[in-house]
Amino acid sequence: MKMAGFAVALIPRNPDFPGTLRKASEGTGFSRFWAIGDVKILSNSLLGLLCSIRCPGRVIVQTYDLARALRDAGVPVIGGFHSPMEKECLDFLLRGKQPVVVCPSRSITNMRMPSA
């Protein structure tokens, strides 16, 4: 399923540019960011999710539990969702109503999200 919406450029000097992102991008040299969806989400506090490609079994079970708990508590989560464990977490998170921000390490042009 393709993501709904069109990619928009977020330019740091624009007054509508999310303040949190402005702080994080200061001094980086990036002249613009691209987004699809509600960019107001970027003004919220977001919990970053990072997982290794290799995880012991007990950590996998704990991570499933954490993803469910974050979803059920409505905690906004941000991540790249590249590793297998991150992809599993994204599947759990997309079943909730909380904001989820996906930051791929590649272009968002023609990006596809899981059907969930």
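Close amide H contacts of Ile78 (hydrogens built in the peptide plane, cut-off under 5 Å, sequence separation of 5 or more or a different chain): Leu47, Gly48, Leu49, Val101. Toward the positive end of the charge dipole of the chain, with +1 on the Cβ of Lys and Arg and -1 on the Cβ of Asp and Glu, the farthest Cα among Ala24, Leu47, Thr63 is that of Ala24. Loop-resident trypsin sites (Lys or Arg not before Pro) (DSSP state other than H, G, I, E or B) in the range 1-63 with no more than 15 further Cβ atoms inside 10 Å of their Cβ: Arg13, Arg32, Arg54. Please give the helix 57-73 orientation as an angle from the longest Cα principal axis of the chain, in degrees from 0 to 90, rounded to the nearest 10. For 57-73 against the chain, the angle is about 50 degrees.
Taking every DSSP helix (H) stretch of at least 4 residues in the chain, weighting each as -39,500 (n - 2.57) and dividing the sum by the residue count yields a mean residue ellipticity at 222 nm of -9000 deg cm²/dmol.
In terms of other Cβ atoms within 10 Å, Ser25, Ser45 run from fewest to most in the order Ser45, Ser25. Computed about its Cα centre, the charge dipole of the chain is approximately 160 debye, with only Lys, Arg, Asp and Glu carrying charge at their Cβ. Distance from the C-alpha centroid of the range 42-77 to that of the range 89-106: 10 Å, rounded to the whole angstrom. Between Ile108 and Leu66, residue separation times 0.36 nm minus the direct Cα-Cα distance comes to 12.4 nm. Taken over the alpha carbons of the chain as equal point scatterers, the Debye sum produces base-10 log I(q)/I(0) values at 0.18, 0.19 Å⁻¹ of -1.01, -1.10.
Charge tally around Ala67: other residues with Cβ under 13 Å, Lys/Arg +1 each, Asp/Glu -1 each, net -1. Counting only alpha carbon atoms, the long axis of helix 84-93 and the longest principal axis of the chain meet at about 80°. Annotation: extensible slack from Ser43 through Ala24 equals 5.7 nm (criterion: 0.36 nm per residue apart, minus Cα-Cα distance).
All of the numbers you see were taken from the coordinates with simple rules; none came from a lab. What you see is a predicted model; the values in this text were computed from it and never measured. Methodologically, a virtual Cβ is constructed for each residue, glycine included, from the backbone with ideal geometry; neighbour enumeration extends over all protein chains shown.
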